[in-house]
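Peer 1: Let me give you the structure first, and then I'll get to my questions.
The values are calculated or read from the model by the stated rules, or taken from the named source; none is laboratory data. Since the model is a prediction, treat every value here as computed from it, not as a measurement. Cβ placement follows ideal geometry from the backbone for every residue including glycine, while neighbour counts extend to all protein chains displayed.
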Amino acid sequence: MVRIERDEMTGQRPRATVIIPTRDGDRDGRLARLRQDLRRQTFREFETITVSGDPRQGRAINRAARIGRGEILITLDDDTVLESPDVFARLIEALDADPTIGIAGASTVVPSGASRFQRIASEEIPRRLFPVVEETIDSDMAQHPCMAIRRDVFERVGGEDEELVRGLDPLLRHKVREAGYRVVIAARAWVAHPLPEGLRAVVRMYFRNGRGSAFAHRHHPERIYELSDGFDRNRFPPKRPLGFRIARHGWRFTRSLVGGRWVGLSAQIAYIAGFVYERFVATPAAPIMDSPCAGSPSSPSSSPSSGAGPGSPTRS
């Protein structure tokens, strides 16, 4: 059963709507910590809408967007850590400074309380970290764990895709850029998005991500867009040839093997194993149900640039 909770931080009409999709409304206590972090934000003109129990992240976000009142939508994962009290202020500042910016995201760092394993894993697995920047830059690292998007832009591009089970980030970035807007990392804005504790949990997570990628390749190949490490020098090709992608995986595999990056190597093997399993072993008609906020930002799938899946995010 889907449950929607609303919490307002201001008595006036909020300028921003913070959206948190969550599978169980708890996430092992991490959602409660996130709510505490929200109360410490210096920017206070926001409401929070938590959508619990919807296994499709895109659909959950659209649900919240339809009933939200803010002119800016801020998405968070239920395990995002907001150690900086100025994150929202920095995102809003970036949007206010440049009307051509459609999405403003935050850099990703290792949380202060991370274990040694989590620190190693974050360094070895692609797209888990991105340095804090002093100037707002265009980047492919603006992601759902913490990003702000103008409501009018969100509605113009059709909102989130509701059919895909993995990889909403590259889709939304592509649609926003196609609409003529920039996608950026805001200056001095940062959050933490910790990996699970322990190798077994990481392997399980990346096996699931590999299955999600294969499911997208099988059922929605036209919706798969390119992912990068975020350092693109303003070049964001939406598609790459198959040979390029295979070579990139081979290079990452070799680098991890030669460098003794065993956590990164294990995650890559698990991802490939999940991809192969879903592609050649699993029942084709059985969809993979994703867990909102539980996945990795390296899952490659997205939706048509013409709009979202079933269900419009536009308010009536």
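Peer 1: Applying the selection to region 9-43, what residues are loosely packed, with under 14 Cβ neighbours inside 10 Å and more than 15 Å from D79 (Cβ to Cβ)?
Peer 2: Hits for region 9-43 are T10, G11, Q12, R13, R39, R40, T42.
Peer 1: Now for a different question. Looking at A121, A114, which is the one that is small (G, A, S), more than 17 Å from the chain's Cα centre (by Cα) and surrounded by fewer than 24 Cβ atoms within 10 Å (Cβ to Cβ)?
Peer 2: Just a single option satisfies the conditions, and that option is A114.
Peer 1: Quick check on L195: is it modelled with pLDDT under 80, of a type in the set (A, V, I, L, M) and either at positive phi or not in a strand (DSSP E or B) (or both)?
Peer 2: Here the answer is no, as L195 does not meet what is asked.
Peer 1: Among the residues of region 93-134 satisfying the criterion of being outside any helix (DSSP H, G or I), in contact with a helix residue (DSSP H, G or I) (Cβ under 9 Å, 6 or more places away or on another chain) and closer than 19 Å to Y271 by Cα, which is modelled with the lowest pLDDT?
Peer 2: Filtering region 93-134 for residues that are outside any helix (DSSP H, G or I), in contact with a helix residue (DSSP H, G or I) (Cβ under 9 Å, 6 or more places away or on another chain) and closer than 19 Å to Y271 by Cα, the one modelled with the lowest pLDDT comes out as P126.
Peer 1: For I20, work out the one condition from (1) under 17 Å from H193 (Cβ atoms); (2) without any contact (Cβ under 8 Å) to a residue 40 or more places away in the chain it doesn't fulfil.
Peer 2: Just one mismatch for I20, condition (2).
Residues are listed down the side, and each one gets a yes or a no for (1) under 17 Å from V153 (Cα atoms); (2) of a type in the set (D, E, K, R):
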| site | (1), (2) |
| --- | --- |
| Q57 | no, no |
| A60 | no, no |
| A65 | yes, no |
| G68 | yes, no |
| L73 | yes, no |
| D78 | no, yes |
| E83 | no, yes |
| V87 | no, no |
| D96 | yes, yes |
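Peer 1: So which residues in region 60-69 are of a type outside the set (S, T, N, Q) and either buried (at least 23 other Cβ atoms within 10 Å of the Cβ) or farther than 21 Å from R27 by Cβ (or both), if there are any at all? Give the steps one after another, and end with the answer.
Peer 2: Kept after step one, since they are of a type outside the set (S, T, N, Q), are these residues of region 60-69: 60-61, 63-69.
The answer is A60, I61, A64, A65, R66, I67, G68, R69.
Peer 1: From the set of residues in region 268-288 that are in a loop (DSSP other than H, G, I, E, B) and modelled with pLDDT of 55 or more, which is nearest to D169 (Cα to Cα)?
Peer 2: Kept after step one, since they are in a loop (DSSP other than H, G, I, E, B), are these residues of region 268-288: 281-288.
From what's left, modelled with pLDDT of 55 or more: 281-286, 288.
Details: V281: 27, A282: 25, T283: 26, P284: 24, A285: 24, A286: 23, I288: 18 Å.
If we take residues in region 268-288 being in a loop (DSSP other than H, G, I, E, B) and modelled with pLDDT of 55 or more, then I288 is nearest to D169 (Cα to Cα).
Peer 1: Sticking with this one: Go through (1) in a helix (DSSP H, G or I); (2) within 27 Å of I269 (Cα to Cα); (3) not aromatic (F, W, Y) one by one and return the number of the condition R173 breaks.
Peer 2: So R173 meets the others, but not (2).
Yes/no per residue for (1) under 26 Å from L31 (Cα atoms); (2) acidic (D, E):
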| position | (1), (2) |
| --- | --- |
| R182 | no, no |
| I185 | yes, no |
| P194 | yes, no |
| E197 | yes, yes |
| M205 | yes, no |
| N209 | yes, no |
| F215 | no, no |
| E222 | no, yes |
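Peer 1: Condition first: closer than 26 Å to E162 by Cα, among the polar types (S, T, N, Q) and assigned to a strand (DSSP E or B). Can you find one or more residues in region 67-77 that meet it?
Peer 2: Taking every residue of region 67-77 in turn, at least one turns out to be closer than 26 Å to E162 by Cα, among the polar types (S, T, N, Q) and assigned to a strand (DSSP E or B).
Peer 1: Kindly indicate which of R211, R240 is touching a helix residue (DSSP H, G or I) at 6+ places or on another chain (Cβ under 9 Å) and modelled with pLDDT of 85 or more.
Peer 2: Result of the check over R211, R240: R211.
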